[in-house]
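Report on the structure given below.
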Amino acid sequence: MNKALVLHGPNLNLLGTRQPEVYGHETLDDINNTLHEQAALGGWEVTCRQSNHEGELIDWIQAARLDGTAAIIINPAAYTHTSVAILDALNAFDGRVIEVHLSNVHRRESFRHHSYVSLRADGVIAGLGTQGYRAALEAVMRSN
Ligand code: DQA
């Protein structure tokens, strides 16, 4: 079965209560449950993980190289703007990579305008809220 990995970076465990005016009211469980349903309809298996720790995200990206994962959908959150290590891990992954941001990072503070992960991403979605994850999964499932 085709497999996708969805990675959520730091503070995204707080979705629903964290700055809802920026990130909306849906929780991480809401997002993940919808993605599981969407994947199942398309005959895909999706694994969703969240971590506040850079190294744990990197461990999961490395594991995806070996377990048949076809695509990684990642919202690296603040690590987007700082992490060469996550970029390096993604560069060692051969499948598709889609970067997702709930907010339109380009309309926010200038430090959010640069993304290390975008140097590797096949596609980038920003500003569509939780719909961005569903669009990313749709793109991944269509292209395989
Ligand atoms: C974010 C944008 C980042 O700048 C921020 O650090 C986040 C969330 C987003 O989804 O809009 O934590 O990735």
Practice task
Would you check the accessible area of S118, probe 1.4 Å, heavy atoms only, in square angstrom rounded to 10?
Solution key: 50 Å²
Practice task
Could you work out the mean projected area of the convex hull around the alpha carbons of the range 1-59, in square nanometres to one decimal?
Solution key: 4.4 nm²
Completion exercise
Connecting every pair of Cα atoms under 10 Å apart in the chain and solving the GNM, the largest mean-square fluctuation among D30, D94, D67 falls on D67
Completion exercise
The extension gain from A40 to N91, computed as 0.36 nm times the residue separation minus the Cα-Cα distance, is 15.6 nm
Practice task
Give the carbon-plus-sulfur fraction of the accessible surface of the chain in %, rounded to a whole number; probe 1.4 Å, heavy atoms of protein chains only.
Solution key: 47 percent
Fill in the blank from the handout: Length-normalised contact order of the range 61-125, Cα under 8 Å, at least 6 apart, in percent, tallies to 40 percent
Problem - Sum of side-chain charges, R134 neighbourhood, beta-carbon under 13 Å (Lys, Arg +1; Asp, Glu -1) - result: -3
Completion exercise
Asserting the computed 222 nm helical MRE of the chain (DSSP H runs at least 4 long, -39500 (n - 2.57) per run, divided by residue count, to nearest 500) equals -10000 deg cm²/dmol
Exercise for the section: List, in order, the whole-Hz ³J(HN,Hα) value for each residue of the range 66-74 obtained from phi through the Karplus relation with A = 6.51, B = -1.76, C = 1.60 and θ = phi - 60°; use x for Gly and Pro. Expected result: 10, 10, x, 5, 8, 8, 10, 9, 10
Handout entry: Furthest towards positive pole of dipole, T27, V46, I72, structure part the range 2-142, Cβ charges
Key = I72
Exercise for the section: Counting only heavy atoms of the protein chains, get the accessible area per residue of the chain (1.4 Å probe) and round it to a whole Å² value. Expected result: 49 Å²
Completion exercise
Length-normalised contact order of the chain, Cα under 8 Å, at least 6 apart, in percent, tallies to 27 percent
Completion exercise
Net charge near L12 (other residues with Cβ under 14 Å of its Cβ; Lys, Arg +1; Asp, Glu -1) is -4
Practice task
Please give the per residue volume of the convex hull enclosing the alpha carbon atoms of the chain, rounded to a whole number of Å³.
Solution key: 91 Å³
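The values are calculated or read from the model by the stated rules, or taken from the named source; none is laboratory data. If you're wondering where the values come from, they're calculated on a predicted model, not measured in any experiment. In this analysis, Cβ positions are derived from the backbone assuming ideal geometry, glycine residues included, and neighbour counts consider all displayed protein chains. What goes into the accessible areas is simple: the full protein's heavy atoms, side chains included, and nothing from ligands, DNA or RNA. Shrake-Rupley method; radii C 1.70, N 1.55, O 1.52, S 1.80 Å.
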